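One structure is given below, encoded as structure tokens.
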Amino acid sequence: MMNNEGLGNNHIVNINYDDSLPPTYESTNPAPDPTHEYGKKHEATNTSLRDAESFSNQYPPNENLPTPEEIENIVIQDGYKAWIFKPEDILTKRTSISNDGITVELYKRKLGSKYDDMMIQTNFPFFTPEIHNPEEEILHYFEITLLNKVSKDYTVAIGISTKPYPYFRLPGWNKHSVGYHSDDGRKFWNDEFGGRDYGPEWGKLGDVIGCGYKPKTGEVFFTKNGKFLGIAFAGLRHIWYPTIGSDGHVKMKINFGDEPFVYKEALGFGIGAPGKVKTNEK
């Protein structure tokens, strides 16, 4: 069921992190923000929660990276085009990936499907999970542009997660994941409840939503239409995969850095390892 294509098994580097400490909300937000007991509009089922807990217990995160040589070859050969969202096999009828991975379309549940919600991850993770040089500033960042208006009955989510991750949970809802959700503008981290207040709701045609990760501090943040929405969480260190999800129909354009970002502070960065890569920017 899990799709780990893109990470070779022959040459890997093990990354171990202390997962015992939560994000320091006080140091990254104006004030500590409590978790809501329920979602504003969208709730997953108890069946989904139980199945996700079982999944996480059975499949711990894969904290492996390709070797530095393999990473360099990937970046030099294809640049940011190497990254592409790739759904689990069970989701092939609910997803459409076209235009060399630039256009992604997600569909609502088909008759007979067990779950309303679904998510897909990229084939490759962020390649620089931690920075040891205090002078080096690295930002991993990507954006989605909505190509249709999202129905008020549906939720779209963007964020990061470890792999493997239950395909039927939006990013932020399950262990080792962060998400920013369209229906209520809330942020989620390992959150089986209603999330925390964060930013504005989104889902209009043309909305551009970005997700950034700073490996030096473990900070995760989001943007809307080029506006920085603040640090969502900090101190989060895993091998992270860009993740999107929905419980309904949404069509979006993906930008991993091959084109200029709407969020100007991310120009010169992107989804992959630091260094020059092939882009369409002139």
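Bear in mind these aren't lab numbers, they're just calculated from the coordinates by the rules spelled out. Not measured: the values here are computed from a predicted model. FYI the Cβ positions are ideal-geometry reconstructions off the backbone, even for glycines, and counts take in every protein chain you see.
When peptides 100-110, 206-216, 235-245 are sorted by average Cβ neighbour count within 10 Å, with the highest value leading, the order is 235-245, 206-216, 100-110. Given a cut-off of 22 Å, name the pairs among LYS149/LYS227; LYS110/LYS187; LYS216/LYS264; LYS163/LYS227; LYS108/LYS214 whose C-alpha atoms lie farther apart than that in the structure shown. Exceeds cut-off: LYS110/LYS187; LYS163/LYS227; LYS108/LYS214. Hey, with R₀ at 41 Å, roughly what FRET efficiency would THR92 and GLU135 work out to, going by the Cβ-Cβ distance, to 0.05? Computed FRET efficiency for THR92 and GLU135: 0.35.
Once the chain from TYR59 to PHE193 is taken as fully extended at 0.36 nm per residue, the excess over their C-alpha distance is 46.1 nm. In this label model, THR45 and ASP153 are separated by 1.7 nm, measuring between points 7 Å along each Cα→Cβ vector. With contacts taken as Cα pairs under 8 Å at a separation of at least 6 residues, the range 83-225 carries a relative contact order of 21 percent. Taking 0.36 nm per residue of sequence separation and removing the Cα-Cα distance, the ASN73/LYS227 pair yields an extension gain of 52.1 nm.
Highest mean first, the peptides 155-165, 218-228, 65-75, 49-59 sorted by other C-beta atoms within 10 Å per residue fall in the order 155-165, 218-228, 65-75, 49-59.
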